[in-house]
């Protein structure tokens, strides 16, 4: 996602000279976790396998998650029966971004219970740019420079005009600003997971961590005057006075909502279940930056999404982590 926002804002404003039909080209492609891993390493860190290729810049945090007293009326998740759960995690930028004044943010946290763990990996947008594995792979591959170091910008523009998933994401992100603070960033699961209810029946849901201080963006003047490395400093200043807090909500789908796409927004009013409060209280430096937070590390009572991207995404994490060992 290194150049995603810079590319996507202008994509529908001009007509490309690239001749091929992009959707047909995508349909003819084949990708697996190995190919995805190698493309993203080449794109985001210039092929340097010793570096973390995705969400490259970040910092480490810790705190506690306190489940709501009523949560076990909805879920049969043993972890939620613990009154306070220690949390370790990482705040990051998207892709290979190094400038904090970029739009994509990540939050990965590991709830470390007495008898169970749950790794929750999230983005600051509720959808990503691809519905299928082929779209996901093509999105990154089309941004690779050729042997002369040139990127085919016309091809990228055409892709954003022809591929519905890319257009959906560009439309969503074009009016979003740069987060004022980690404390003012909302985080989403993106994938639809499945959960045991109190009768052990499985149901789908997405989750959201909503900042208690509200979602806020830098003003135009602040964008000009704020450092490119403001997020970690701001975080450290804020936790001197009070924890940075988020409320966890699970959103239940309506009848026509797509469950197997990470590119589909759920429209309209939805039932939400309040699950508890996350409090981030510590800045823990940079030592976790080479660590991996695997979304498939789920607590008992939580089940994997069924979209095309979830398993290959985890497998690519395994591959790139192996490169760094």
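The values are calculated or read from the model by the stated rules, or taken from the named source; none is laboratory data. This is a predicted model, so every value here is computed, not measured. Note that we place each Cβ from the backbone using ideal geometry, even for glycine, and neighbour counts take in every protein chain shown.
Miscellaneous remarks
- Looking only at residues in segment 272-292 that are part of a loop (DSSP other than H, G, I, E, B) and modelled with pLDDT of 95 or more, the one that is surrounded by the fewest Cβ atoms within 10 Å (Cβ to Cβ) is 285.
- Taken over segment 182-214, the criterion of being within 26 Å of residue 59 (Cβ to Cβ) and out of contact with any strand residue (DSSP E or B) (no Cβ under 8 Å at 6 or more places or on another chain) is satisfied by 214 alone.
- Per the conditions (1) surrounded by 14 or more Cβ atoms within 10 Å (Cβ to Cβ); (2) under 30 Å from residue 203 (Cβ atoms), the sole criterion not satisfied by residue 269 is (1).
- Matching residues, segment 205-229, being crowded, with 19+ Cβ neighbours inside 10 Å, touching a residue at least 40 places away in the same chain (Cβ under 8 Å) and farther than 20 Å from residue 80 by Cβ: 218
- Just one of the listed residues (220, 171, 154, 141) is touching a helix residue (DSSP H, G or I) at 6+ places or on another chain (Cβ under 7 Å) and more than 28 Å from residue 119 (Cα to Cα), namely 141.
- Meets criteria (in a helix (DSSP H, G or I), under 28 Å from residue 80 (Cβ atoms) and in contact with a strand residue (DSSP E or B) (Cβ under 7 Å, 6 or more places away or on another chain)) for residue 238: yes
- Residue 62 surrounded by fewer than 21 Cβ atoms within 10 Å (Cβ to Cβ), in contact with a strand residue (DSSP E or B) (Cβ under 7 Å, 6 or more places away or on another chain) and modelled with pLDDT of 95 or more: yes
- Restricting 190, 182, 163 to residues that are touching a helix residue (DSSP H, G or I) at 6+ places or on another chain (Cβ under 7 Å) and closer than 21 Å to residue 120 by Cα narrows the list to 182.
- Hits in segment 48-91 - residues which are within 16 Å of residue 113 (Cα to Cα) and free of Cβ contacts under 8 Å to residues at least 40 places away in the same chain: 81, 82, 83, 84, 85, 86
- Residue match in segment 92-99 (condition: at pLDDT 95 or above and in contact with a strand residue (DSSP E or B) (Cβ under 6 Å, 6 or more places away or on another chain)): yes
- The residues of segment 241-271 that are outside any strand (DSSP E or B), touching a residue at least 60 places away in the same chain (Cβ under 8 Å) and under 18 Å from residue 63 (Cβ atoms) amount to a single one, 243.
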